[in-house]
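Every read-out reported here was derived from the displayed coordinates using simple, explicitly stated rules and does not represent laboratory data. Please read these numbers as outputs of a predicted model, since none were measured by experiment. Don't worry about glycine lacking a Cβ; one is built from the backbone with ideal geometry, like all the others, and counts go over all protein chains shown.
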Amino acid sequence: MGHRKYSAPRRGSIAFRPRARAKSIEARIRNWTLSGTDRPNLAGFAGFKAGVIQVLAIDDREKTPNYGKHLVSPGTVLVTPPIRIIGIRAYSESQHSNNVLCDAYSRELPKDLKRKLSLDTNVVIEDQLTKMNGASSVVALVAISPRDADLAQKKPFVFEVAVSGKDVKSKLEYLKTVLGKEIRINDVFQVGQFIDVSAISRGKGIEGPITRFGVKRKQHKSRKSVRAVGTLGPISPAVVMYTVPRQGQRGFHQRTEYNKRILLMSSTNSTTSAISRSGGFKHFGVISSDYIVLKGSVPGVPKRLIKLRQPIRNYQKKLSQPKILEVVVE
């Protein structure tokens, strides 16, 4: 077979290992941005992916060649029905980790929540809230129902959302005021700001090393195979390193994309009525609730849950409204 005469860059980033199927269709957010605001507020939200449109706007990025010119960019539409604060969870800090201290759930819970959780109705909420005074941190337990986005799934998604603010006391007081209430997208985010999105990417099944890692095909005179790696490693040690490109799962991975700008928001911008199309979006349908349009692409397929959070790599110095000229819906 011979050997490579010159060196070559490795194929496929090791940063995305392991490239295995995600355990759940719901992404998990492990880190939150908790500082930067004086008034306590939710640090995240969620929605469902609907489709892609074209947005014609004036480029307002300073010190760029296209500054002040017309710029057409793709925009991803996310349907964001209101989320309900169903409970409060308190954590106590230990030497090695944070442990759940107690939970307090609202008396008025959505009807479909029984499909997801079985709660003890004998627990007194006031007693649970009293235990939270000595907590090291508190988070909100929220529920979002696909039914509110006119989707067929009946079981709601339940997950934790951190609360931004100065101290635990102010966060707890804020959660008490919104417990059992609905929060809309414009209560958390603003048009023009940058946010992070987390989702499970589109699954593509089993692929070989050529497609999965971008390994080059061997020459036509190679021995036996063309779409395979040239070698699995040296003869000694007789092991195959994890860095060697192999056949396996491609897609259906959890991915987080940073600093996606909000171009439009249904409840605050009058031009968003232009995104409605006859028959609705392909594989999704007609949009009947709040939604936002993010610049660029978002992981996942239509109807998939997309989690949003305040940017953890914030470089935005000032918040400016994007100058939208036209929305093109094909």
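In nm, what is the difference between 0.36 nm times the number of residues separating SER236 and ASN99 and their Cα-Cα distance? Intermediate values should be presented prior to the final figure.
Numbers: separation 137, 0.36 × 137 = 49.32 nm, distance 4.62 nm.
Stretched fully, the SER236-ASN99 segment lengthens by 44.7 nm.
Mean separation of Cα pairs under 8 Å and 6+ residues apart, divided by the residue count of the stretch 17-84: what relative contact order is that in percent? Could you put the intermediate results ahead of the total?
Working: 61 pairs, mean separation 20.3, N = 68.
RCO, the stretch 17-84: 30 percent.
Could you work out which residue, out of SER24, SER266, SER201, moves most in a Gaussian network model of the chain, that is, has the largest mean-square fluctuation with Cα springs under 10 Å?
SER24
Cut-off 10 angstrom, C-alpha nodes, Gaussian network model of the chain. Which of PRO82, PRO110, PRO302 fluctuates the most?
PRO110
Among GLY296, ILE324, ILE195, pick out the residue whose Cα is farthest towards the positive end of the charge dipole of the chain, where Lys and Arg carry +1 and Asp and Glu carry -1 on C-beta, about the Cα centre.
Positive-most Cα among the choices belongs to GLY296.
Under 25 Å between alpha carbons: how many lysine pairs meet that in the stretch 83-183, if sequence neighbours fewer than 8 apart on the same chain are excluded?
Taking the stretch 83-183 as the scope, the lysine pair count is 23.
If the elastic network links every pair of Cα atoms under 10 Å, which of ALA50, ALA149, ALA15 fluctuates the most in the Gaussian network model of the chain?
ALA15
What distance in nm lies between label points placed 7 Å from Cα along the C-beta direction at ARG255 and LYS23?
2.2
So between LYS216 and ASP59, what do we pick up on full extension, going 0.36 nm a residue minus the alpha carbon distance? Before the final figure, lay out the partial values.
Working: separation 157, 0.36 × 157 = 56.52 nm, distance 3.85 nm.
Extending this stretch completely gives an extra 52.7 nm.
Relative contact order, percent, of the chain when contacts are C-alpha pairs under 8 Å separated by at least 6 residues? Before the final figure, lay out each step's value.
Numbers: 686 pairs, mean separation 98.2, N = 330.
That works out to 30 percent.
Set the Förster distance to 25 Å, then compute FRET efficiency between ASP38 and SER136 from the Cβ-Cβ distance, nearest 0.05. Can you show the working numbers first?
Values: r = 21 Å, r/R0 = 0.83.
E(calc), rounded to 0.05, equals 0.75.
Measuring from label point to label point, each 7 Å out along Cα→Cβ, what is the SER276 to SER118 span in nm?
That separation, rounded to one decimal, is 4.3 nm.
Please name whichever of TYR91, ILE144, LEU101 sits farthest to the positive end of the charge dipole of the stretch 64-203, dipole taken about the Cα centre and charges placed at Cβ: Lys and Arg +1, Asp and Glu -1.
Positive-end residue among those listed: ILE144.
Rounded to whole Å and ordered largest first, report the semi-axes of the equivalent ellipsoid of the stretch 83-183 derived from its Cα gyration tensor (root of 5λ). Working shown, then result.
Values: eigenvalues 123, 42, 35 Å².
That gives 25, 14, 13 Å for the three semi-axes.
Rounded to the nearest Å, what's the spacing between the alpha carbon centres of the stretch 19-73 and the stretch 181-243? Just the number, please.
Using only Cα atoms to place each centre, the spacing works out to 22 Å.
Name the longest site-free stretch of the chain, where the excluded sites are chymotrypsin sites (Phe, Trp or Tyr not before Pro) in a DSSP loop with no more than 14 other beta-carbon atoms within 10 Å.
That would be 68-241.
Mind pulling the angle between the C-alpha long axis of helix 168-178 and the longest principal axis of the chain? Nearest 10 degrees, somewhere in 0 to 90.
Compared with the principal axis, the helix lies near 70 degrees.
GLU182 to GLU330: FRET efficiency via 1/(1 + (r/R0)^6), r the Cβ-Cβ distance, R0 41 Å, to the nearest 0.05?
Details: r = 33 Å, r/R0 = 0.80.
Taking R0 as 41 Å, the efficiency between GLU182 and GLU330 is 0.80.
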